[in-house]
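Have a look at the structure below before the remarks.
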Amino acid sequence: MRVALLVNIADNAHHVPFGAPSDILAELDSSKTAESYAAALIERGYEVHGHEGNSHLPGWLDRYQPDICFNVCEGFVGESREAHVPAILEMMGLRYTGPGPLAAAITQDKPTTQRILHYHGIRIPFFQVFESPDDTPRPDLVYPLFVKPAHEGTGMGIRNDSIVHTERRLRDKVAEVIEDYRQPALVEAYIQGKDITCGLVGNGTGDGVHFFPITEVDFSGYPPELEHIYGVQQKIDYADYYKNKCPAPLSAALAAEVRRATLQVFTVTGCRDYARVDFRLTEDDKLYALEINSLPGITPHSDLTLMAQAEGWTHTDLVCSVLDAALKRYGMAQHIPERLWSMTDYG
Ligand SMILES: Nc1ncnc2c1ncn2[C@@H]1O[C@H](COP(=O)(O)OP(=O)(O)OP(=O)(O)O)[C@@H](O)[C@H]1O
Ligand SMILES: [Mg+2]
């Protein structure tokens, strides 16, 4: 079976604007992680060829004619960047792993996701979108508040000063987010509590979906000056200090609620094959959905990989389970010949 591995590699991103924040490329893959996906697929006997998710992609796909694409492109430019490659694949009538363009665009934009979750009765933090630092805060926005970019991931733009206690700090942080990331700022009620994340692979309900053990971030390993939030410093600068509780020490009832909410978020946002939903859990066991990662990291060190490993899966098992979910969704049987992997880089 011919698998096209589609990735956005940080080294191929030539268009970093002058003065961009240091975490601007944090979501993109390295050649090493791309090779790890290829190695996993090859280990299971797939024929794998890779290509950068860029404007040369349609011509290359036309020539290669894959049976299915393994898409992990985070995109580079724009508020719907994760939707770019799925849109191309949809237009070309190709099969691919992960969300379609609509779900990718919806889940890239946190305010849009939150509106959908709220509509479906899923508990979210109260929020307001600031297009400008001069917007008037709604009177029901109660401090402390949490300020983050409207459509970033990997903790980008999330630091100690994301927690704000005064209108002055709110306006300063909103101004910084808008200027640095060229997008609106999402201002949410700050939910004091534990960071809980739940990942799944599969589709549909019941047997079609496999939940990985729920994880709680353990903040005790980070330097004490860092707030207990899972931002870019924790994810990138202090990545080696990461500790978790997996499975999270939750009662059976609470764990079931987390899994139920995860599947509901996955379903109402139209995600496919795999995802990871991030929550905050308060001391009195109120669960707040923060976001869904429709293209969650599956590098050898990603949260989802660690969850899978906690129940004895290998990285290969995880990568191939995503492909399996997509193959099953398309009603395709698996066929396993062997071949080498190659990466065509058109930068
Ligand atoms: N409203 C909130 N209240 C409290 N903490 C929050 C809130 N929103 C975000 N956080 C903290 O910031 C972290 C990152 O937030 P979020 O998951 O929205 O960002 P992200 O960059 O998209 O993450 P990912 O790396 O999962 O893509 C959360 O795990 C949590 O610790
Ligand atoms: Mg998150």
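Listing for the model above:
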read-out: Subset tally (residues that are outside any loop (DSSP other than H, G, I, E, B), free of Cβ contacts under 8 Å to residues at least 40 places away in the same chain and of a type outside the set (A, V, I, L, M)) for the stretch 71-98; value: 4
read-out: In the stretch 279-295, the residues that are away from ligand 2 (no atom under 12 Å from the Cβ), closer than 16 Å to His118 by Cα and open to solvent by less than 20 Å² (accessible area, probe 1.4 Å); value: Leu287
read-out: Restricting the stretch 71-90 to residues that are touching a helix residue (DSSP H, G or I) at 6+ places or on another chain (Cβ under 8 Å) and modelled with pLDDT under 95, the residue that is surrounded by the most Cβ atoms within 10 Å (Cβ to Cβ); value: Glu74
read-out: Pairs where the first residue, in the stretch 147-165, is among the hydroxyl-bearing types (Ser, Thr, Tyr) and the second is part of a loop (DSSP other than H, G, I, E, B) and within 13 Å of ligand 2 (Cβ to nearest atom), C-beta under 9 Å, 6+ apart; value: Thr154/Ala26; Thr154/Glu27; Thr154/Gly297; Ser162/Ile229; Ser162/Gly231
read-out: Residue, least open to solvent (accessible area, probe 1.4 Å), within the stretch 257-266, restricted to residues that are over 22 Å from Phe146 (Cβ atoms) and in contact (Cβ under 8 Å) with a residue 12 or more places away in the chain; value: Phe266
read-out: Residues being touching a residue at least 40 places away in the same chain (Cβ under 8 Å) and either near ligand 1 (Cβ under 9 Å from one of its atoms) or not aliphatic (A, V, I, L, M) (or both) - total across the stretch 268-291; value: 16
read-out: Residues that are more than 12 Å from ligand 1 (Cβ to nearest atom) and among the polar types (S, T, N, Q), drawn from the stretch 134-166; value: Thr136, Thr166
read-out: Residue check for Arg169: without any contact (Cβ under 8 Å) to a residue 12 or more places away in the chain and either near ligand 1 (Cβ under 7 Å from one of its atoms) or touching a helix residue (DSSP H, G or I) at 6+ places or on another chain (Cβ under 9 Å) (or both); value: yes
read-out: Glu227, sole failed condition from (1) over 18 Å from the mean Cα position of the chain (by Cα); (2) under 25 Å from Asp273 (Cβ atoms); (3) in contact (Cβ under 8 Å) with a residue 60 or more places away in the chain; value: (2)
read-out: Failed item, numbered, when Leu61 is tested on (1) open to solvent by less than 10 Å² (accessible area, probe 1.4 Å); (2) more than 24 Å from Ala10 (Cα to Cα); (3) not acidic (Asp, Glu); value: (2)
read-out: Hits in the stretch 169-214 (condition: more than 16 Å from ligand 2 (Cβ to nearest atom), of a type in the set (A, V, I, L, M, F, W, C) and touching a Cys at 6+ places or on another chain (Cβ under 8 Å)); value: Phe211
read-out: Candidate set from the stretch 230-256 (those that are open to solvent by less than 30 Å² (accessible area, probe 1.4 Å), at pLDDT 95 or above and touching an Asp or Glu at 6+ places or on another chain (Cβ under 9 Å)); member that is nearest to Gly312 (Cα to Cα); value: Ala248
read-out: Top-ranked residue of the stretch 165-224 - restricted to ones that are of a type in the set (Ser, Thr, Tyr), open to solvent by 20 Å² or more (accessible area, probe 1.4 Å) and closer than 30 Å to Trp313 by Cα, ranked as modelled with the highest pLDDT; value: Ser220
read-out: The stretch 296-320, subset outside any loop (DSSP other than H, G, I, E, B) and open to solvent by less than 10 Å² (accessible area, probe 1.4 Å), residue nearest to Asp218 (Cα to Cα); value: Met307
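A quick yes/no check of all residues on (1) aromatic (Phe, Trp, Tyr); (2) more than 19 Å from the chain's Cα centre (by Cα):
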{"residue": "Gly208", "(1), (2)": "no, yes"}
{"residue": "Tyr222", "(1), (2)": "yes, yes"}
{"residue": "Gly231", "(1), (2)": "no, no"}
{"residue": "Tyr242", "(1), (2)": "yes, no"}
{"residue": "Leu250", "(1), (2)": "no, yes"}
{"residue": "Arg259", "(1), (2)": "no, no"}
{"residue": "Thr267", "(1), (2)": "no, no"}
{"residue": "Cys271", "(1), (2)": "no, no"}
{"residue": "Ala289", "(1), (2)": "no, no"}
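The values are calculated or read from the model by the stated rules, or taken from the named source; none is laboratory data. Just so you know, these numbers come straight off a predicted model, no measurement behind them. Cβ sites come from the backbone with ideal geometry, for glycine too, and all protein chains shown count toward neighbours. For the accessible areas, the whole protein counts, side chains as well, though only heavy atoms, and no ligand, DNA or RNA atoms are used. Shrake-Rupley method; radii C 1.70, N 1.55, O 1.52, S 1.80 Å.
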